[in-house]
Structure formats: structure tokens, C-alpha cells
Amino acid sequence: MLKALENISAFYANPTRFMGLAARLHAPLWALALALLAYGLYRVAFVPDDYQQGATVKIMFVHVPAAWMALFGYSFIFFASVTALVFRHPLGHVAARAAAPIGAVFTLIALVTGSLWGQPMWGTWWVWDARLTSVLVLFFIYLGYIALWQAIEEPTRAARAAAILAIVGFVNVPIVKFSVDWWNTLHQPASVSRLARPALHADFLYPLLIMGGAFLVLFLALTLTRMQMEVLRQKLRAKANLHGYKG
Amino acid sequence: MSDVLSDAEIGARHGLSAAAYGDARELRVEGLACTRGAALLFDNLSFTVKAGEALLVGGANGSGKSSLLRQLAGLLPVAAGRIEMAFGAPDQAVHFLGHADGLKNALTVGETLAFEAAMAGCALPAQIIATLGLGARDWQFVGDLSAGQRRRLTLARLIIDPRPLWLLDEPMTALDTQARALVDALAQAHLAQGGMIVAASHEGLAFAQSEIRLGQAMEAGA
Amino acid sequence: MSMKMSLFAAICRQHMQLAWRGGQTVLAVSFLFIAVTLLPFGLGPELKLLRALAPGLLWVVLAIALLATLDRLFQADFEDGALDRLMLLPLPFEAAVLAKLLGHFLALVVPLLVSVPLAGLLLNIEGARVPLVLAAMACGAPALVLSGGIGAALAVSVRRGGLLTVLIAMPFYVPVLIFGAATARVALEGGVGIWPYLGVLAALSGAALLLAPWTIAAALRSALR
């Protein structure tokens, strides 16, 4: 099984073959993403209002999957970076770089929707509850990662540095999560209530999972598209280099 | 000097009598390729430098002279091919004098030399400042030295720490006639003891017996 | 073995000499006192408030002062070729990196650590508590220096990389700040039951010591290619 995976990934290390695969996957993946999203929103529209929070509880169906994608995105970057550095697969760097802004945007969506969701309850636009705070730190992790890619001019050097950061940063994420949770229990003022999720029975669970699935496929579609763009960009750059060298 | 070659294989070496240390010391490079970022600088480079020999690496700017030296020093990874150093690993057997001189302006000459001695793990030779022709006192700060004096100071480690292979990147830059004579003398003495030198320069070097040129293979339309 | 030790000591010593001569020690300590002085202008001079906020404020100011010293940690050597030299020594490169980090710690961080409790007096902390606060900071400072070093190493080839270093190091600072401030609070309240807190800080520093030198060496090697 592992050998088969190795063979497949080695086969697609060739950018041209990857582009062929990507072209075949592109349309179906996007179609699936949009279909799931449409279906998910449809189901969400028919979810009954929460007796406490009213209709605003429906923001949860965007907030929670976005937070899931924030974490999934960084895990994706971690595994892509390991693939690139340790197994020396050239598309690992491309995948990690492509996924980063997508993950960052999902993180931002999670933050904004979290704030919007909580505002009617808290009377304020932000509270430092454990989950929101962890997601905020995760947002800065994404920013640092993207900034590193941008700041280093030489592309292969930038790729290596970013991969190192992704791997070490990933180790840090559980530590941050644990610390923030502990910090929150230490300082819990009585007036702050955590973003209480309504009981997860079927009416809420299925739409949530569908939205989660939709976001996941959307993430993959976006990342695939960005990977295609990056491979094309590299090809253009290589052609320009060759041209400049001869000319 | 020797044949200038139109491809990347080294040509005839002028026969040198084997030095006392002879055959164990040899730098052998086979099929070496070097990439800088995504660009291929050179490919399929092979040469051998035996004890007592000096190789001049020529070529236009950007042809990969410095990169070759960095590969030999182990600072840049090898894209393809092999480097064999029978006499030791780079961290013990190589002196690498690159473009940047590695000198610290805030230290004095004396402190710099003491640091060099500490890096070498041996005592500082008695008249080293005079040997280098530095013309400066040991309490003077490196930041106050002229460019030529700084280059002379970087040569200190060659005198203090005996290592078989010298990798010199543009050794004659900013040097006046006397300083060039110093470098020549140091090089000849090193070679006479069975050492090896690989030097990159866009001008000729008197102590080099053989030469390779980088960059022409690429221009020929690879 | 002793040759490697004397190499290590020579590298450490040179880094300290350069930090001291470049005025970085004085600058860092001054920065700390300036930052603490600015706080009452923002928060008001009421002593009770300052005393209550002191533990967290001192840690934040220490972290910022540390971050400010970091960008010259490796960049000077990177630019003038000295880093190449460190790779061509009989000493393993990771050890040379550790020697520089130790030199940085001794020349810059120790003066900061000593200054922090004194700066705390400006914030009206109890004088008797100063040693405990110092102990708390000392347990956590290695974690700050080491993870900041990771940021400095990754950003070493970037001109004006100071802000990038801060951005990269910031997520690593969050756990240390959280536990460090809690420890300082316990210390300022008398220090009862402080040992578990010190233990957590020491564990964070220990983890940083395990992870950081390899990461920093890998990042520097990558930048030198």
C-alpha cells in the first residue's frame, strides 16, 4: 500500500503529469464544491431557530467549519512541507505555498463570524475566550508563514525556509492550544460566557457536517487551482531565464 | 601557463615531481553539476588536483566560479557528480577564502589574530603581523584598516593553520604589487609542501599550473 | 575534546565582545527602562493598578526588548562571511550556533533579566519579591531567546528582517508569556506553590533547547546555499 502511494506520488512529481491530473480534476472538484455548498446552505436555511440565540445561531454553520478548515489548512501545510523536505517531493513546496492564503482566509472568516455570532450575546465585538484566542494566534502563524515566503527573494531558499517554519510551527500549535485553554480557565470572569454550541442532535449535526464537507472540498479546489497557477508561473520564469541567458 | 580549454574537461597538467607527501593527497571531482536556484550553472565538470598543484578557475561573472568553490568547501550541495577528498573533510582540511572577508570591524587586529589562533587550536606565530606586512599595530581596530590591509589580514589563517586544500575566491582583489607577491609566496610555499590550491580569478595567477574555464560549455548552446 | 571546548568558548566570547562593543547591551537595558517608563503615561500613575498589572507588563516588556535584540544575532555574520567560517570548523555547526546563542544570552539577556526586577520597582512591586520574579524570568528567558533565534535564523537573508523575525517568533512566545506571567503573579503574591509554575517554564525552555539549535542550524545552512 505504501509502495503504491510512493509510486503514485513519484509519478506525479513530474510537473507536466501533475498538470494533466490537475486539469482532469479541476472541473469535477469545483462542481462538487459548489454543489455541496449550495446543498449545505439549503439545509441550514431550514434549521429551526435556537430557543436562546434565535436565528443568529446559523452563523455557527459558517464559523465552526471555517475553524475546522483553519486547522486543517495548517496540517495540510505541515504534511506538504514534510513531503517536500524529507521526501524531497518537488510539488510539496508548491502545495504548501498554494494552501497558505486559503487557510489564512478561512481563519479570518472564523474570526469574523465568531465575532458576529458572539456580539448579540456578549454586547461586545470581541472576547478573549479560549477558542477565539487560539484561532487568532493561528492567524498570526499563517501571516508569519506567508510573510516568510514573500520576504525571501530567491524561490528555492524561500521554499526551504518556509518548510522549516511550517514544521516547527506545527509542533507549537498544540502547545499554544493547551496554554490558551489553561490561561482562559485562570482568568475566567463571571460575565463572559463561552460560545455555547446548541446540543448537537441530528437537526444541527447533519447540516454542520455537510457545510464542513463543502468547505473541505472548496479548500481542495482552491488549493488545486492555486497549485496549477504556481506551476505555470514557474514554467514562465524558467522560460524567461533561459531566454535571458541566451540573449 | 597551461592550456585554456574550450570545454569543461581539464587538459594536460604540467608534470610536477611528486612532493614528499605524494599520492594520498588528491582532490578529485567527477561529473560535477551545480544549480543556483533553478538555473543550471555548470554540468559534467571533472578535474583532479594532485598534491603540489594549483588550479585556476576562470570564466565570466556569474559563470559559477564562486559556486564551484563553495561546493568544494561543502557549503553548497552538489546537484550531480562527486567530490572526493581523500585527505579529510572540509571542516578540517580546507581553507575557504570567499568574497566576504569575515572580519569584524569592532575587534582589534590583535583580537582578530587571537581568534584565528583559537580557531586553529594552536599558538599565534611570533612575527605574524610583520610576516603579513600589515603595517598596523595590534591594538588598532579592524574598522580603521585599509582595504589592502584587510585582505592581508584574511591571509593570516593560511599561515597559522596548516590545511591541505586552499580555496581562494579572487585572491588578488584590492591588493597592491607587494601584497600580490606575498600571496604568491604563500601559495608557492604551500604547494612546495604538497598542498593544493583551487583559485577562482578573472585574471591570471602566477602560481597556477592549470586552468579550466566555466561558462563556455553553456554558451555553446547546451 | 578540549579543543572543541576552547573553540566553543572562543566563539561565545567573540559574540559577547561584539555585542558589548556595539553598545547593544546598553541599548537593550535602556530600551527596557524606557518601555517600562512609558507604561504609567498610558495607564496612569496609580500605584495599586501598576502593582496589579506588573507581572504581565514586565513579561511583555521583556519579550519585546528581547525581540529587539534578535535581528543582529546572525545577520552580521551572514553578511560578512563569518557564518561560512563557522561551518568549516572541527566543531559541529549546531555547537557553533549554540555558542553564539550562549554568548547572546550572557551578553544581552542576563543584563535584561537583572534589570527587569529593578524596572519592576518602578511599577511598585514589593522589593522583597524581586528574587522570585528574577527566578521566574530566568526559567522562561531561554525559551524566548531560543524561539526568537529560530525567527532570526529564518529571516537572516532578508534585509530589514526585524519585523519578520518578530512575526515568526510571536506564536512561540504566547505559551511562555502565559505561564511566565502566571508565575510572576504567584511570585509577587508571596511565592507559595511556585514550584510547579517554575517547572512548566523550565519545561518550555527545555523543549526549546531540544528543538531550536537543529532548526536554527538548518535554517542558516539553507540561507547560505
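The values are calculated or read from the model by the stated rules, or taken from the named source; none is laboratory data. Just so it is clear, the structure is predicted and the values come from calculations on it, not from any experiment. So basically every Cβ, Gly included, is an ideal-geometry build from the backbone, and we count neighbours across all protein chains shown.
Of all residues in the stretch C:167-178, those satisfying the criterion of being touching a residue at least 24 places away in the same chain (Cβ under 8 Å), at the interface with another protein chain (Cβ under 9 Å from one of its Cβ atoms) and either closer than 17 Å to C:Thr215 by Cα or in a loop (DSSP other than H, G, I, E, B) (or both) are C:Ala169, C:Phe172. Whether a residue is within 14 Å of chain B (Cβ to nearest Cβ), over 16 Å from the mean Cα position of the chain (by Cα), over 20 Å from C:Ala141 (Cβ atoms) and not in a helix (DSSP H, G or I) was assessed, and C:Pro90 passes this test. Taking residues in the stretch A:15-36 that are farther than 26 Å from A:Val62 by Cα and crowded, with 17+ Cβ neighbours inside 10 Å, and partners anywhere that are modelled with pLDDT of 90 or more and of a type in the set (Ser, Thr, Tyr), the pairs with Cβ atoms closer than 9 Å and at least 6 places apart or on different chains are A:Ala22/A:Thr225. Screening the candidates C:Phe105, C:Phe78 for the property of being closer than 30 Å to B:Leu168 by Cα, aromatic (Phe, Trp, Tyr) and assigned to a helix (DSSP H, G or I) yields one hit, C:Phe78.
The conditions of being facing another protein chain (nearest Cβ under 9 Å) and within 19 Å of the chain's Cα centre (by Cα) are not met by C:Ser222.
Cβ separations smaller than 7 Å between residues 6+ apart or across chains give the following pairs from the stretch A:138-159 residues that are farther than 19 Å from C:Gly148 by Cα and within 7 Å of another protein chain (Cβ to nearest Cβ) to residues that are part of a helix (DSSP H, G or I) and aliphatic (A, V, I, L, M): A:Arg157/C:Ala223. Within the stretch C:203-216, if we keep just the residues that are more than 9 Å from chain A (Cβ to nearest Cβ) and surrounded by fewer than 20 Cβ atoms within 10 Å (Cβ to Cβ), the residue that is farthest from C:Phe93 (Cα to Cα) turns out to be C:Ala203. Within the span defined as the stretch B:117-128, every residue fails to be surrounded by 16 or more Cβ atoms within 10 Å (Cβ to Cβ) and in contact with a strand residue (DSSP E or B) (Cβ under 7 Å, 6 or more places away or on another chain). Considering only residues in the stretch C:179-202 that are within 16 Å of the chain's Cα centre (by Cα) and within 11 Å of chain A (Cβ to nearest Cβ), the one that is nearest to C:Phe74 (Cα to Cα) turns out to be C:Gly180. Mind listing whichever residues of the stretch C:95-111 are closer than 13 Å to C:Trp20 by Cα and touching a residue at least 60 places away in the same chain (Cβ under 8 Å)? Result: C:Gly103, C:His104, C:Leu106, C:Ala107, C:Leu108, C:Pro111.
Restricting the first member to the stretch C:184-199 and to residues that are over 12 Å from C:Pro131 (Cβ atoms), and the second to residues that are polar (S, T, N, Q) and not in a loop (DSSP other than H, G, I, E, B), the beta-carbon pairs closer than 7 Å and six or more apart or on different chains are C:Tyr197/C:Thr183; C:Leu198/C:Thr183. Checked against (1) within 13 Å of another protein chain (Cβ to nearest Cβ); (2) within 20 Å of C:Ala136 (Cβ to Cβ); (3) surrounded by fewer than 20 Cβ atoms within 10 Å (Cβ to Cβ), C:Pro111 passes all but condition (1).
Taking the condition facing chain C (nearest Cβ under 10 Å), part of a helix (DSSP H, G or I) and at pLDDT below 90, does A:Asn172 pass? Against the criterion (facing chain C (nearest Cβ under 10 Å), part of a helix (DSSP H, G or I) and at pLDDT below 90), A:Asn172 does not qualify.
Quick one: is B:Leu145 in contact (Cβ under 8 Å) with a residue 40 or more places away in the chain, more than 10 Å from chain C (Cβ to nearest Cβ) and closer than 23 Å to B:Arg180 by Cα? No; evaluated as a whole, the condition is false for this residue. The set of residues from the stretch B:83-107 being within 14 Å of the chain's Cα centre (by Cα) and of a type in the set (A, V, I, L, M) comprises B:Ala93, B:Val94, B:Leu97, B:Ala100. Looking only at residues in the stretch B:63-84 that are of a type in the set (A, V, I, L, M) and in contact (Cβ under 8 Å) with a residue 60 or more places away in the chain, the one that is nearest to the other protein chains (Cβ to nearest Cβ) is B:Ala73. Among the residues of the stretch C:115-152, those identified as within 21 Å of C:Gly193 (Cα to Cα), of a type in the set (Gly, Ala, Ser) and surrounded by 22 or more Cβ atoms within 10 Å (Cβ to Cβ) are C:Ala136, C:Gly140, C:Ala141.
For the stretch B:108-120, the count of residues that are small (Gly, Ala, Ser) and part of a loop (DSSP other than H, G, I, E, B) is zero. The single condition from (1) without any contact (Cβ under 8 Å) to a residue 40 or more places away in the chain; (2) facing chain C (nearest Cβ under 9 Å); (3) surrounded by fewer than 16 Cβ atoms within 10 Å (Cβ to Cβ) that B:Asp176 fails is (2).
Residue-wise test of (1) more than 24 Å from C:Leu154 (Cα to Cα); (2) surrounded by 14 or more Cβ atoms within 10 Å (Cβ to Cβ).
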| position | (1), (2) |
| --- | --- |
| C:Leu38 | yes, no |
| C:Phe41 | yes, no |
| C:Gly44 | yes, no |
| C:Ala52 | yes, yes |
| C:Gly56 | yes, yes |
| C:Val61 | no, yes |
| C:Leu70 | no, yes |
| C:Asp80 | no, yes |
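Within the stretch B:85-106, the set of residues being facing chain C (nearest Cβ under 7 Å) and over 22 Å from C:Phe93 (Cα atoms) comprises B:Ala106 only.
Condition first: at pLDDT below 90 and under 16 Å from C:Val61 (Cβ atoms). Can you find one or more residues in the stretch C:188-200 that meet it? Yes: the stretch C:188-200 contains one or more residues that are at pLDDT below 90 and under 16 Å from C:Val61 (Cβ atoms).
Of all the residues in the stretch A:91-131, those that are farther than 23 Å from A:Gly212 by Cα and either surrounded by 17 or more Cβ atoms within 10 Å (Cβ to Cβ) or free of Cβ contacts under 8 Å to residues at least 40 places away in the same chain (or both) number 10.
Here B:Asp138 passes the criteria (1) surrounded by fewer than 21 Cβ atoms within 10 Å (Cβ to Cβ); (2) assigned to a helix (DSSP H, G or I); (3) among the charged types (D, E, K, R) except the one numbered (2).
Within the stretch B:91-107, the set of residues being part of a loop (DSSP other than H, G, I, E, B) and either among the acidic types (Asp, Glu) or touching a residue at least 12 places away in the same chain (Cβ under 8 Å) (or both) comprises B:Gly98, B:His99, B:Asp101, B:Gly102, B:Leu103, B:Lys104, B:Asn105, B:Ala106, B:Leu107.
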